[in-house]
Amino acid sequence: MVTDLERLTITVGTHRHSALAAGPEAGDLVLLLHGWAEFADSWTAELTALGEAGYRAVAVDQRGYASAARPQDVDQYSVRHLVTDVIAFAAALGTDRFHLVGHDWGAMVGWALASAHPDRLRSFTALTSPHPAALRQAAEVDEQQQRTLSYLKFFRRPDGRAESYLLTDDCAQLRTLYGERLPTAQVERNLARLTEPGALTATLNWYRGPDGEFDLPGGRIAVPTLYLWGAEDPRFGRVAADLTASFVDGEYRFVVIEGASHWLPQEASEAILPLMLDHLKQH
């Protein structure tokens, strides 16, 4: 249960980020970054297991998701700022070198951090999201990938239409996005927070911050990397998943999680945890 985890507040500049933690403070730090549309509590199973294994595991409600870290300016949601936040999280927790685990948008931030600041990471684990350059290539050659990413243009609109669409009829479209893959209680917790004043707009600003739909940074990756991808993921296809290997120069392992879709931290924790723990142990 979430109540079994430590609740922290991590201050970065004028922002205060709510966070959940487990494990001894002296343990090697593992930072866990959630995606859209979810929060730090999406990592409950992973936090518990990592803490029991002796790591200091911390999942943070990131910029726009934490109620006290919600700038209004869209420019404040560029990947550059999101990467800087992660480095600041680690510094606030007393270390400058750490393991990073990211899901969905959290993984996209991870790819950018791993390429720009490899000296900061002991290891990187990406869930669902391929390397951004691999995704760009896939979108150019794979019609199915083009179709599944068609929502990006809509989410990037600044006129509020995306918010209205997602919130109408008691958040019917937001509920559909979870695809009945998450427990009802978790979905309700997510929706309660996303319907706070300004919250949904802040989270959609992650899509609006970059200059273009696929304008996400991500160069060559030297950090030891584990990439976990759900075979039934409706957003990111196999072409992009396979292409990711061509952008990783360091130690790399790609594992397909059969029967799983996009929400790996929650729907497939039993499958991914042994893989994550083995990857962390090696580095």
task = Report which label in (1) 17.3, 48; (2) 16.9, 54; (3) 19.2, 58 holds the value of Rg and Dmax of the Cα atoms in Å derived from the coordinates of this structure.
result = (1)
remark   = Sorted by chain and then number, the residues having a modelled amide H within less than 5 Å of the amide H of residue 17, at least 5 places away or on another chain, are 10, 11, 12
ask   = Considering only protein heavy atoms and a 1.4 Å probe, what is the carbon-and-sulfur percentage of the accessible area of the chain?
value = 49 percent
request  = Please give the peptides 264-270, 229-235 ranked by average Cβ packing (other Cβ atoms within 10 Å per residue), highest first, as a rough proxy for protection.
outcome  = 264-270, 229-235
query = Arranged from highest to lowest average of other beta-carbon atoms within 10 Å per residue, in what order do the peptides 56-63, 194-201 appear?
reply = 56-63, 194-201
Of all DSSP beta bridges in the chain, antiparallel share, percent nearest 5 = 30 percent
key: Accessible area expressed per residue, the chain, with surrounding protein chains retained (probe 1.4 Å, Å²)   = 41 Å²
ask   = For residue 236, what is the net charge nearby, where nearby means another residue's Cβ is under 13 Å from its Cβ and Lys, Arg count +1, Asp, Glu -1?
value = -1
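The values are calculated or read from the model by the stated rules, or taken from the named source; none is laboratory data. Since the model is a prediction, treat every value here as computed from it, not as a measurement. All Cβ positions, even for glycine, are placed from backbone atoms using ideal geometry, and neighbour counts span all protein chains on display. We work out accessible area using only protein heavy atoms, side chains counted, and drop any ligands, DNA or RNA first. Shrake-Rupley method; radii C 1.70, N 1.55, O 1.52, S 1.80 Å.
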